[in-house]
Amino acid sequence: MKTFSKWGCLSVIALLVCLSVFPSVAAAKILMMATTTSTDNTGLLDALAPAFTKATGIELQWTAVGTGKALKLGQNCDVDILMVHAPAAEQAYVAAGYGIDRREVMYNDFVIIGPPADPAGVKGQSVSAALKTIAAKSAVFVSRGDNSGTNKKEISLWKASGDAVPDKQSWYVQTGQGMLASINIAAQKNGYTMTDRGTFIKYAHTHGGNPPLVVVVEGDTILKNQYSVMQVNPARCVKVQNDLAKRFCDWICDAPAQQLIADFRLMGKQLFTPNAK
Amino acid sequence: MPPIECPVGCPVGQKGTVEFLLQGVIQAFRLLFSGDPETFSAVAATVKASSFSMAASLILGVPLGFALGHLRFPGRRQLRLAVDTMLALPTVFIGLMVYAFISRQGPFGEMGLLFTLPGIAIGQTLLALPIVIALSATAVEGMDAGLRTTLISLGAGRHRLLVSSLWEVRHGILAAALTAYGRVMTEVGISMMVGGNIKWHTRTITTAIALETGKGMFATGIALGLVLLLIAFAVTLPASFLRRK
């Protein structure tokens, strides 16, 4: 019966593991946010969340997805608040009754990055001219291709350039992945891509200030990247914690949190500029 | 995960592969032995969700698999075919299905399971169940047919017959459990879709690997993969003792 006792032992261990698996969770106030990858990947939310908890006693949890999926999660009432960056889509979202009280929080800008050698020769050009050149020379251009805020912006830039939005061209690579993943793919393919400046600074920081891709086009007013918060409409979604969501909106638009955003730096560079009204 | 210092650049293209892998191994030990809280949070999430789903899938799956392999009833072959087909369920698909049911708009939305470990565990149970059923059934089918005759001839009753048969297939069931455990531990789709990869809460080792890889932190990704292997080793080691006769 020696083997039998071994199995008995295992059952007891298994039972103990099962019993200890889900201890009752302390009923703290938890605010659930869906946000874009850039606010998470840069580490901004890691810097803001403890300050928010300290000020309000509310724990902030977030799931970092593309803006398209974040909006969908809000539409399905699965989160309380959204922090995204696709102004046109957000306005349509509010108009459709999915979100309320859209407030601008901060901005940075988009930049087009590429290899330091600049094989397509677009350095210093305007956005439209640079995109036209890239298309004309069939230089590799990496797109998020995931309906994220950045992807929506990129598509609007192609439209503004007067060229058709590329899709099946062999030089146009649609990754369907996050911003940093897409930058890495662009670096591997020695191509160009468009990113928000915050993520690019994070990328440069990771590479010790010597990134394989550098900024080639910047400064155009069309490249502004506005981030906003919206509360999921409590009239549609009875279960959302609108009181907590509203407190977050009030908190992040107020001077102390705005200062925290301005003070958030990597390699001495500011990633986001607060602009709440 | 903590930032990795890459003074001369981390990506594969700039460093030799060996050096790159070595960096991962070194960091795996650093994460484990420096008691990195984010890593341990991910380890805890992985262990909790997988323990629950394994317990649930074994409790439900072993009797069902035993019945499927032992009993003879009309439609058994078709049922067997259905279970075998379910072995190919993609994890992202399971994740989407579970999401549809536990989203606040879904039929079980009231239970608040989305973005929780129990939510992940439900999806993983659906992933593991067909494996446990199919492999248990196979073990029972492969049981020495002579055993049954011998036992009956020795005057064994139905109860005794059942217990002896179960005892005989214990190694097959252990193999089923380990196979299912392997899939549950390593899946990403369910954890990502249902859990949301929320830091300190539903970030498992596999979603952390996906995140770190997406961020270009390849060495951290490799380190976390090695941590996952270490956990797998800790689980299979006792199982290998059970297998000794």
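The values are calculated or read from the model by the stated rules, or taken from the named source; none is laboratory data. What you see is a predicted model; the values in this text were computed from it and never measured. Backbone-built Cβ (ideal geometry, glycine too); neighbour counts: all protein chains shown.
When restricted to residues that are modelled with pLDDT under 95 and hydroxyl-bearing (S, T, Y), the range B:191-206 contains 1.
Of all residues in the range A:58-75, those that are in contact (Cβ under 8 Å) with a residue 24 or more places away in the chain have Cβ atoms under 9 Å from Cβ atoms of residues that are assigned to a helix (DSSP H, G or I) and of a type in the set (D, E), 6 or more apart or on another chain, in A:W62/A:D40; A:T63/A:D40; A:A64/A:D40; A:T67/A:E90; A:L71/A:E90.
For every residue, the table says whether it meets (1) touching a Pro at 6+ places or on another chain (Cβ under 9 Å); (2) assigned to a helix (DSSP H, G or I); (3) at pLDDT 90 or above; (4) crowded, with 21+ Cβ neighbours inside 10 Å.
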site	(1), (2), (3), (4)
A:V229	no, no, yes, yes
A:R236	no, no, yes, no
A:P256	no, yes, yes, no
A:L260	yes, yes, yes, no
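The condition (being within 14 Å of chain A (Cβ to nearest Cβ) and either in contact (Cβ under 8 Å) with a residue 12 or more places away in the chain or touching a Gly at 6+ places or on another chain (Cβ under 9 Å) (or both)) is satisfied by just one residue among B:V98, B:V140: B:V98.
State whether one or more residues within the range A:193-200 are of a type outside the set (K, R), within 11 Å of another protein chain (Cβ to nearest Cβ) and under 23 Å from B:A219 (Cβ atoms). Full working, then the answer.
Start the filter on the range A:193-200 by keeping residues that are of a type outside the set (K, R), which leaves A:193-196, A:198-200.
Still in the running and within 11 Å of another protein chain (Cβ to nearest Cβ): A:199.
Narrowing further to those that are under 23 Å from B:A219 (Cβ atoms): A:199.
Scanning the range A:193-200 turns up at least one residue that is of a type outside the set (K, R), within 11 Å of another protein chain (Cβ to nearest Cβ) and under 23 Å from B:A219 (Cβ atoms).
Of the residues making up the range A:99-116, none is of a type in the set (G, A, S) and part of a loop (DSSP other than H, G, I, E, B). Could you check, for the range A:60-69, whether at least one of its residues is over 19 Å from the mean Cα position of the chain (by Cα), more than 9 Å from chain B (Cβ to nearest Cβ), at pLDDT below 95 and part of a loop (DSSP other than H, G, I, E, B)? No: the range A:60-69 contains no residue that is over 19 Å from the mean Cα position of the chain (by Cα), more than 9 Å from chain B (Cβ to nearest Cβ), at pLDDT below 95 and part of a loop (DSSP other than H, G, I, E, B). Residues that are under 28 Å from A:G268 (Cβ atoms) number at least 1 in the following strands (runs of 3 or more DSSP E) confined to the range A:139-202: A:141-143, A:192-196. For the range B:198-218, the set of residues classified as of a type in the set (S, T, N, Q), crowded, with 21+ Cβ neighbours inside 10 Å and facing chain A (nearest Cβ under 9 Å) consists of B:T202 only. How do the pairs read when you match residues in the range B:50-61 that are under 18 Å from B:G119 (Cα atoms) with residues anywhere that are assigned to a helix (DSSP H, G or I) and among the polar types (S, T, N, Q), using Cβ under 7 Å and keeping only pairs 6 or more apart or on different chains? If the second residue must be assigned to a helix (DSSP H, G or I) and among the polar types (S, T, N, Q), the pairs left are B:S50/B:Q124; B:S53/B:Q124; B:S53/B:T125; B:A56/B:T125; B:S57/B:T125. Flag set for A:V216, criterion: of a type outside the set (D, E, K, R), at pLDDT 95 or above, buried (at least 16 other Cβ atoms within 10 Å of the Cβ) and in the same structural domain as A:K123 (by TED's automatic domain parsing).
Might you let me know whether the range B:114-123 holds any residue that is surrounded by fewer than 14 Cβ atoms within 10 Å (Cβ to Cβ), of a type outside the set (A, V, I, L, M), away from every other protein chain (no Cβ under 14 Å) and on the phi < 0 side of the Ramachandran plot? Even if it seems obvious, please write down each step before you answer.
Of the residues in the range B:114-123, the ones surrounded by fewer than 14 Cβ atoms within 10 Å (Cβ to Cβ) are none.
Checking the range B:114-123: not a single residue is surrounded by fewer than 14 Cβ atoms within 10 Å (Cβ to Cβ), of a type outside the set (A, V, I, L, M), away from every other protein chain (no Cβ under 14 Å) and on the phi < 0 side of the Ramachandran plot.
For the range A:173-183, filtered to residues that are surrounded by 17 or more Cβ atoms within 10 Å (Cβ to Cβ) and under 16 Å from the mean Cα position of the chain (by Cα), the residue that is farthest from B:E212 (Cα to Cα) is A:T175. The residue that is surrounded by the most Cβ atoms within 10 Å (Cβ to Cβ), counting only those in the range B:179-197 that are assigned to a helix (DSSP H, G or I) and small (G, A, S), is B:S191. No other residue among B:R72, B:R77 is more than 14 Å from chain A (Cβ to nearest Cβ) and either under 26 Å from B:L117 (Cβ atoms) or part of a helix (DSSP H, G or I) (or both) apart from B:R77.
For the range A:100-156, taking the residues that are in contact with a Lys or Arg (Cβ under 7 Å, 6 or more places away or on another chain) and of a type in the set (F, W, Y), the one that is nearest to A:E90 (Cα to Cα) is identified as A:Y107. Consider the range A:23-59 and keep the residues that are hydrophobic (A, V, I, L, M, F, W, C) and assigned to a loop (DSSP other than H, G, I, E, B). The one that is surrounded by the most Cβ atoms within 10 Å (Cβ to Cβ) is A:I58. The set of residues in the range B:219-245 being buried (at least 20 other Cβ atoms within 10 Å of the Cβ), among the hydrophobic types (A, V, I, L, M, F, W, C) and either within 11 Å of another protein chain (Cβ to nearest Cβ) or out of contact with any Asp or Glu (no Cβ under 7 Å at 6 or more places or on another chain) (or both) consists of B:A219, B:I222, B:A223, B:V227, B:L228.
Somewhere in the range A:80-94, is a residue assigned to a strand (DSSP E or B), at pLDDT 95 or above and touching a Cys at 6+ places or on another chain (Cβ under 8 Å)? Yes, that holds for at least one residue.
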